[in-house]
Amino acid sequence: MKKCVCILIGCMMIPLKVYSQELFGSGINSSIYLTPMAMASGDFNRDGIADIVVCGKNDLDGSGIMSVLFGKGDGGFKSKIDMSTDKYAVSLVVTDMDNDGLDDIVTANRESQTVTIFMNQKSGGFKIKDPIKIKGEPGFIGVGDFTKDGKPDIAVIVPSSKEMLIYKGTSYKLAATTVLESTPVALIAKDFAGSGLSHMLISFEGLSNVALIAPAEISSKEWRFHKVKLDMLTTPHFAQLNDINGDGFNDAVILKSGEKELAVHLAEAGGLILDDIHTVKIPEGARIFAIGDFNNDKKPDIAVLDSTNTQVVIYLNQSTGAFTSSFSDAKAALIYENDSSKPNSFDMGMMSSYKKASMIIYNEAAKPVRKYFEFDSDLPDEQQFALEWNGLDENDAAMPDGKYVFYYKLGGVVVARVVKK
């Protein structure tokens, strides 16, 4: 099964190309018997077919419940197992917590103020570890190696106090706390710098800037948090990254809150994620999606969690691309909404752990118009810089009116926004 990576991405408001629903077939519905709050995909029984885990509230008695649905290879599910959770699992992460090759599950349980780890067993089923008591009600979690000791640590966001808490493996005791500038609404933890350490991208309620945070353990009792801001003045959105059409480049899939469709941004020349958009109609109650191979044809399919109708809907990939391998050259992307009322400027940051950086403006044909910088060397630590495009090309000649794309790369993080001249 192809692994997917998370990204941040925004929806282009005036796309150049919008496709019909030809990449994906009609949805296959599977009912679930709980009020769902979180969903993710994984291969929990190692049969090469993507499975689904859904967490939420048990409608029968109000308790917390988690259901693992095992794929049968045609977009449906052959069986499931239910497990009790603390009240209520509002977010979850699927990852290998003990390096045994099996997908484990970590849940953040809001009302009980706990995080629970479900360890996948080779003999089948899951072993539940003692819940980790959280200081406050957790909203989002991320798992990564923040100390470069080879052990997964857990980052927990507490929205009410605007805090990020880090619980260090394997004891999972509270090791560090940092207060964020505003109420967090999303979190991604990945090794964006390629340094062996996981960093975090955090977006905030009502803000256009996203924080890139690099936790560093100075000693056993002292942590430092390097932070920079990534801001292109408009709204960012979460998405997932995978090669959807089999051309060897990562494409981006997004679901904007309140919309009735997914937007698939197909990668263009050189793998640039610009505005080649395909849309997939989904139920009105859908608010979460996941990517996985649900029919064992080596193509990434899409699962949508329809909370209103309490069902999981699978959309099978119909592309005829080659799909020779799974590409993950970009760890994350942050592409902002196209809002021509905003100035053609941005405020970005750099950190010393990121060795490569570039800032290039492309035209609608994916051709570079102006290169501000592109280098491979040590970067200044926690530096912010702002640029505003004056509509001139590399030779300071005026460009024609039209659409252009700001494209900033910092290590494995891609940041882009469509602008209008």
Open item on the list: In whole Hz and in residue order, list the ³J(HN,Hα) couplings for the range 118-129 that follow from phi through the Karplus curve 6.51 cos²θ - 1.76 cosθ + 1.60, θ = phi - 60°; x for Gly and Pro.
Closed with: 9, 8, 5, 9, 4, 7, x, x, 10, 9, 8, 7
- [ ] Distance between Cα centroids, the range 209-230 to the range 248-322: provide it in whole Å.
- [x] 32
- [ ] Taking only Cα atoms and a 10 Å spring cutoff, compute GNM fluctuations for the chain and point out the largest among PRO368, PRO36, PRO400.
- [x] PRO400
Task: Convex hull of the range 222-292 built on C-alpha atoms - directionally averaged projected area, nm² - done: 7.7
- [ ] For ASP74 and SER377, calculate 0.36 nm times their separation in residues minus their Cα-Cα distance, and state this gained length in nm to one decimal.
- [x] 104.3 nm
- [ ] Rank ASP276, ASP297, ASP401 by mean-square fluctuation in a GNM of the chain with C-alpha springs under 10 angstrom and give only the top-ranked residue.
- [x] ASP401
Task: Accessible carbon and sulfur surface of the chain relative to its total accessible area, %, 1.4 Å - done: 47
Task: Coordinate range along principal axes, alpha carbons of the range 303-421, Å, largest first - done: 53, 37, 34
- [ ] Could you tell me which of the pairs LYS331/LYS421; LYS87/LYS151; LYS229/LYS367; LYS57/LYS80; LYS80/LYS168; LYS190/LYS356 are separated by over 25 angstrom between their Cα atoms in the structure shown?
- [x] LYS331/LYS421; LYS87/LYS151; LYS229/LYS367; LYS80/LYS168
Open item on the list: Compute the distance from the alpha-carbon center of the range 338-392 to that of the range 112-156, in whole Å.
Closed with: 36
Task: Relative contact order (%) - the chain, alpha-carbon pairs under 8 angstrom, separation at least six - done: 17
Open item on the list: Could you derive backbone 3J(HN,Hα) for the range 293-308 from the dihedral phi with the Karplus parameters 6.51, -1.76 and 1.60 (θ = phi - 60°), listing whole Hz in sequence and x where the residue is Gly or Pro?
Closed with: 8, 8, 10, 6, 10, 6, 10, x, 9, 10, 10, 10, 8, 9, 5, 5
Task: Solvent-accessible heavy-atom area per residue, rounded to whole Å², over the range 214-359 at 1.4 Å - done: 36
TODO: Please give, to one decimal in nm, the separation of the simple spin-label points placed at ASP100 and ASP401, each 7 Å out from Cα toward the Cβ.
DONE: 6.5
- [ ] For ASP59, enumerate residues with amide H under 5 Å from its amide H, sequence gap 5+ or separate chain, H modeled in the peptide plane.
- [x] THR35
Open item on the list: Just to check, using Stokes-Einstein with a Kirkwood Rh over alpha carbon pairs, what's the diffusion coefficient of the chain at 25 °C and 0.890 mPa s in µm²/s?
Closed with: 111
Task: Relative compactness, the range 85-158, computed as alpha-carbon Rg over 2.2 N^0.38 Å - done: 1.07
Open item on the list: Accessible area per residue for the range 84-164 in Å², computed with a 1.4 Å probe and the full protein assembly in place, what is it?
Closed with: 41
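The values are calculated or read from the model by the stated rules, or taken from the named source; none is laboratory data. Nothing here was measured: the structure is a model prediction, and the numbers come from that model. Please note: Cβ atoms are built from the backbone with ideal geometry, for glycine as well, and neighbour counts cover all protein chains shown. Note: areas computed on protein heavy atoms with side chains; ligands, DNA, RNA excluded. Shrake-Rupley method; radii C 1.70, N 1.55, O 1.52, S 1.80 Å.
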